[in-house]
Amino acid sequence: MNPIKLALTYLRIGVLNEMQYRINFFIQLLQSFISVATGLIGLSLVFGQVNTLAGWSRSELLAVMGVHLLMGGVIRSIIQPNMERLMDDVRNGTLDFALTKPADAQTLVSVREFRFWQLVDVIVGMVVISIAFVQLKGTLGILQLLGFLAALIMGGVMLYCVWLMVTSISFWVIRVHEISNLFEGLYAAGRWPVGIYPDWLRTGLTFLVPVAFAVTVPAEALTNRLSGTSLLFALGMTLLFVILSRGLWRLGLSNYSGASS
Amino acid sequence: MRRYIDFYLASMKIAILGQIQYSVANYFYMIGMITEPVIYLVVWTTIAKQQGGMAGGYTAGAFAAYYIIWTLVRNMNIVFTPYGWEWRIREGQLSMELMRPIHPIHGDVAYFAGWKTVVIFLWLPLAAILSWIFKPDFDIRWMEVIVFFLAIWGAYLIRTILLSLLGMITFWTTRVSAIFELYFGLELILSGRLVPMTIMPPWVQNLSNYLPFKWTFFFPIEALVGNMTDIQLWSGFGMQVLWIASGTLFLNLIWKSAIKQYSAVGG
């Protein structure tokens, strides 16, 4: 079966399912506003003291916050629910049901869940980015927009790959929920441009958990800091992450003994 | 009284023995938690350096001391969550606990208190590593250590009472997650978790004086790393006792009317 058609089918089921609980939209909206409000308070405290933080102005950091929010919405609507279901399936032995289906197993386990209302964060993130952009009085050239979108997509793919690798560990180690907790903690570091962190932490946030590529690089594209070379570098890293995660997934799968009833 | 002491000692022992077995999982959990203060610390150290060494009266070393002690206080602040209450009420798990001849909240307090003793031991090497990286300035007196030790347990009890009250909203409505998140947002700002309260605008500091939040975060940390006089230290601890006493009274009142509402949604 065509993987795109498969993903779209599951997407439709997910949307239909979530549409039954429409009040969740408002709850999600309120939660997004709370996180935007606390983010803005954090920014105003910082800029009560200084005019720029490590060379980033207030509006530029607002753009970073918007990208962080947007990407967080993508993680929580698509990546995290699927990976958490996968962890449970491996532990309970119910992954058998996915493996016996006549489709590529990796595609299948990556598209089964979809939290529609979490996309509110994506929209709120876009609004924050637009406000930041107006404040910056920037002009969005077509090249800049393409750079931003490319960086965003590559960042999302990299985050998915890291999640898949972490989840694949559950084929060997059963208790991995704490690891996903660790991931959430590290993702929070993306609220600020990774340039402000000490070297050891910045390296970790670039190569281990690619928050740098997922949040900082797209924000750099928006604020005219992105060079073609770093975009090419991001492309190379994306390919590397895709290959590595596919390899680890297959290795883990060959280790899966299944049906623990 | 005797049976309460026996119950507490037994529950704490169970928690200690159980949690020691999961020390690796506990470590992952604690490391995940440490990224939050490290982020704040890096941001504020950057600001302090940009301004020639100080921000809001704190040097880089003082920020490091604040956020390293923060990590222990945050761990002491982990109590039975309101989401746990939601689950307990929604799924009808509470029914079982109501059958016992002791208030269910004693079980929570005792179990988590036992866990805390494990957490404090696990925290020591983490604090050593963080101190080695961020080089905090500590200037500590004995009286500060004594009050700090009492204040972290005071903070633990206050937060247990607050979050239990919050969780008990589930007795009236099961759509609680937004209320919980709103609470956590307010707490983040008003407790000293985000930044030391002295960096907040004066009106926020003023507001926080009338609320219980800062006694669970800012006060215990400042007791150790700040420069309070003995009188300030003990009157701060007195405020904690006051909040615990009034919170307990209020909790009992709410509990009486809440339990009449209880019908175990599921289960």
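The values are calculated or read from the model by the stated rules, or taken from the named source; none is laboratory data. Keep in mind that this is a model prediction, so the values were computed, not measured. Methodologically, a virtual Cβ is constructed for each residue, glycine included, from the backbone with ideal geometry; neighbour enumeration extends over all protein chains shown. What goes into the accessible areas is simple: the full protein's heavy atoms, side chains included, and nothing from ligands, DNA or RNA. Shrake-Rupley method; radii C 1.70, N 1.55, O 1.52, S 1.80 Å.
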The range B:108-122, residues that are open to solvent by less than 20 Å² (accessible area, probe 1.4 Å) and of a type outside the set (A, V, I, L, M, F, W, C): B:D108, B:G114, B:K116
Residue in the range A:223-234 that is among the basic types (K, R), closer than 26 Å to A:V194 by Cβ and open to solvent by 40 Å² or more (accessible area, probe 1.4 Å) present: yes
Test: residue in the range B:158-170 that is more than 26 Å from B:V38 (Cβ to Cβ), surrounded by fewer than 19 Cβ atoms within 10 Å (Cβ to Cβ) and among the β-branched types (V, I, T): no
Options B:Q240, B:Q261, B:Q232; residue that is open to solvent by 60 Å² or more (accessible area, probe 1.4 Å) and in contact with a Phe, Trp or Tyr (Cβ under 8 Å, 6 or more places away or on another chain): B:Q261
All positions within the range A:114-155 that are farther than 28 Å from A:E84 by Cβ and in contact with a Pro (Cβ under 6 Å, 6 or more places away or on another chain): A:F148
Residue in the range A:159-177 that is within 12 Å of chain B (Cβ to nearest Cβ) and without any contact (Cβ under 8 Å) to a residue 12 or more places away in the chain present: yes
Residues satisfying the stated conditions in the range A:178-220, i.e. touching a residue at least 24 places away in the same chain (Cβ under 8 Å) and either at positive phi or small (G, A, S) (or both): A:S180, A:G190, A:G195, A:A214, A:A219
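Here is a yes/no grid of residues against (1) in contact with a Lys or Arg (Cβ under 6 Å, 6 or more places away or on another chain); (2) surrounded by 16 or more Cβ atoms within 10 Å (Cβ to Cβ); (3) modelled with pLDDT of 85 or more:
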| site | (1), (2), (3) |
| --- | --- |
| A:S110 | no, yes, yes |
| A:F116 | no, yes, yes |
| A:I123 | no, no, yes |
| A:V127 | no, no, yes |
| A:Q135 | no, no, yes |
| A:T139 | no, no, no |
| A:G147 | no, yes, yes |
| A:G155 | no, yes, yes |
Among the residues listed as A:A189, A:A234, the single one being more than 14 Å from every other protein chain (Cβ to nearest Cβ), touching a helix residue (DSSP H, G or I) at 6+ places or on another chain (Cβ under 9 Å), of a type in the set (A, V, I, L, M, F, W, C) and closer than 26 Å to A:S59 by Cα: A:A234
Unmet requirement for A:F183, which otherwise passes all of (1) within 11 Å of chain B (Cβ to nearest Cβ); (2) among the hydrophobic types (A, V, I, L, M, F, W, C); (3) open to solvent by 40 Å² or more (accessible area, probe 1.4 Å): (3)
All helices (runs of 4 or more DSSP H) inside the range A:151-261 with 2 or more residues being closer than 18 Å to A:M71 by Cβ: A:177-188, A:217-222, A:228-254
Any helices (runs of 4 or more DSSP H) falling wholly within the range A:1-105 and containing at least 1 residues that are more than 14 Å from every other protein chain (Cβ to nearest Cβ): A:3-19, A:58-74, A:80-92, A:96-99
Every residue from the range B:37-67 that is facing chain A (nearest Cβ under 7 Å) and crowded, with 19+ Cβ neighbours inside 10 Å: B:I39, B:V42, B:V43, B:T46, B:I47, B:A55
Sole residue being among the charged types (D, E, K, R) and within 14 Å of chain B (Cβ to nearest Cβ), chosen from A:R202, A:R246, A:R225: A:R202
Residue list for the range B:186-211, filter: within 11 Å of chain A (Cβ to nearest Cβ) and not in a helix (DSSP H, G or I): B:R193, B:L194, B:V195, B:P196, B:M200, B:P201
Counted residues, the range B:13-36 - those being more than 8 Å from every other protein chain (Cβ to nearest Cβ) and either more than 19 Å from B:K116 (Cβ to Cβ) or open to solvent by less than 20 Å² (accessible area, probe 1.4 Å) (or both): 3
Residue match in the range A:180-188 (condition: modelled with pLDDT under 90 and over 25 Å from B:Y22 (Cα atoms)): yes
Filtered residue count, the range A:235-260, keeping only those that are within 20 Å of the chain's Cα centre (by Cα), open to solvent by 80 Å² or more (accessible area, probe 1.4 Å) and without any contact (Cβ under 8 Å) to a residue 12 or more places away in the chain: 3
Test: B:I140 is surrounded by fewer than 14 Cβ atoms within 10 Å (Cβ to Cβ), within 30 Å of A:P198 (Cβ to Cβ) and within 14 Å of another protein chain (Cβ to nearest Cβ): no
Subset of the range B:171-185 that is at the interface with another protein chain (Cβ under 9 Å from one of its Cβ atoms) and within 24 Å of the chain's Cα centre (by Cα) - its residue that is farthest from B:I89 (Cα to Cα): B:G185
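Table: residues versus (1) among the small types (G, A, S); (2) open to solvent by less than 40 Å² (accessible area, probe 1.4 Å); (3) at positive phi.
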site	(1), (2), (3)
A:L8	no, no, no
A:L11	no, no, no
A:G14	yes, yes, no
A:A37	yes, no, no
A:L43	no, yes, no
A:F47	no, yes, no
A:N51	no, no, no
A:S57	yes, yes, no
A:L70	no, yes, no
Flag for B:L253 being over 18 Å from the mean Cα position of the chain (by Cα), over 21 Å from B:E86 (Cα atoms), of a type outside the set (S, T, Y) and in a helix (DSSP H, G or I): no
